[in-house]
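One structure below.
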Amino acid sequence: MNLSKTACIASICILTACATPQRTPIEAPLPPSTETQQPSTPIVSPQSLSAWELSGAIAARNQKKGWTASLNWLQQGPNQYQIRLFGPLGGGTVIIEKKGSVITYRDGPKVLKSNNASELLQKQTGTQLPVHNLYYWVRGLKAPGAVSASQYDENHRLLALNQGGYHIEYSAYTSVNGMHLPSKIRLQGHGVLIKLVIKHWRV
């Protein structure tokens with residue numbers, strides 16, 4: 001092997017040994033996320049709540065008789081609802097529906113229609129239920145019209161109300177999506193005592 005070839009090989013070996021080893025690129029840190037957290041479901045106030053479903057139990061008594069029933073109430077706006085009473089007066093299921101201005105009462109094969117839910121229930125069950133005002137009272141609100149007395153707690157929840165000839169008491173509330181909604185209501189007036197226990201709210 002001649003000297004020039006040997007020198008060339010030696011030069012290549014030296015350059016290879018001295019070359020800086022190739023480094024694996026280091027990924028740059030990701031920039032802070034600019035994605036904003038999706039807001040949770042907006043809290044709706046009881047005043048603006050016009051659709052809900054609740055279930056529980058109701059008991060009603062007048063001077064002559066009383067009855068109890070399981071209750072399911074589906075409200076779909078101010079003028080549409082379906083109230084199911086399971087087992088009132090020892091019977092089957094009673095359904096009271098309102099669509100627009102027409103109220104329909106169903107008890108088995110019996111189907112009656114009226115424009116006044118309270119009068120219809122008075123005739124069929126012997127108990128006057130103030131259904132129109134209950135749309136407000138069940139949410140812990142005053143109904144439209146005159147109020148003779150009202151009482152609130154420190155959290156601005158209604159404790160007692162005198163309206164429309166009824167005395168309404170709220171003994172318990174439950175938190176639903178940030179709202180305080182009643183879970184125990186007692187109404188007395190017009191010769192009837194009504195107790196309502198709400199076990200579940202869905203809004």
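The values are calculated or read from the model by the stated rules, or taken from the named source; none is laboratory data. Owing to the predicted nature of the structure, the values given are computational and were not obtained by experimental measurement. Reconstructed Cβ throughout: ideal geometry from the backbone, glycine too, with neighbour counts over all protein chains shown. All accessible areas refer to the heavy atoms of the entire protein, side chains included, with ligands and DNA or RNA removed. Shrake-Rupley method; radii C 1.70, N 1.55, O 1.52, S 1.80 Å.
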Working only within segment 50-78, note down all residues that are free of Cβ contacts under 8 Å to residues at least 60 places away in the same chain and crowded, with 18+ Cβ neighbours inside 10 Å.
A69
Among the strands (runs of 3 or more DSSP E) lying completely within segment 93-203, list those that include at least 1 residues that are of a type in the set (A, V, I, L, M) and under 15 Å from L71 (Cα atoms).
93-99, 179-189, 192-202
Contact list please: Cβ distance under 8 Å, first residue in segment 141-154 and more than 19 Å from P182 (Cα to Cα) and of a type in the set (A, V, I, L, M, F, W, C), second residue part of a loop (DSSP other than H, G, I, E, B) and open to solvent by 90 Å² or more (accessible area, probe 1.4 Å), pairs at least six apart or on different chains.
none
Just to check your reading of the model, which residue among H132, H156 is under 23 Å from L49 (Cα atoms), under 22 Å from the mean Cα position of the chain (by Cα), exposed (fewer than 14 other Cβ atoms within 10 Å of the Cβ) and not basic (K, R)?
H156
Output the residues belonging to segment 155-187 that are on the phi > 0 side of the Ramachandran plot and in contact (Cβ under 8 Å) with a residue 60 or more places away in the chain.
N177, G178
Residues of segment 139-153 being surrounded by fewer than 20 Cβ atoms within 10 Å (Cβ to Cβ) and either of a type in the set (S, T, N, Q) or in contact with a Leu (Cβ under 9 Å, 6 or more places away or on another chain) (or both), in sequence order, are L141, K142, A143, V147, S148, A149, S150, Q151, Y152, D153
Within segment 79-89, how many residues are open to solvent by 80 Å² or more (accessible area, probe 1.4 Å) and either out of contact with any Ser or Thr (no Cβ under 9 Å at 6 or more places or on another chain) or not in a helix (DSSP H, G or I) (or both)?
2
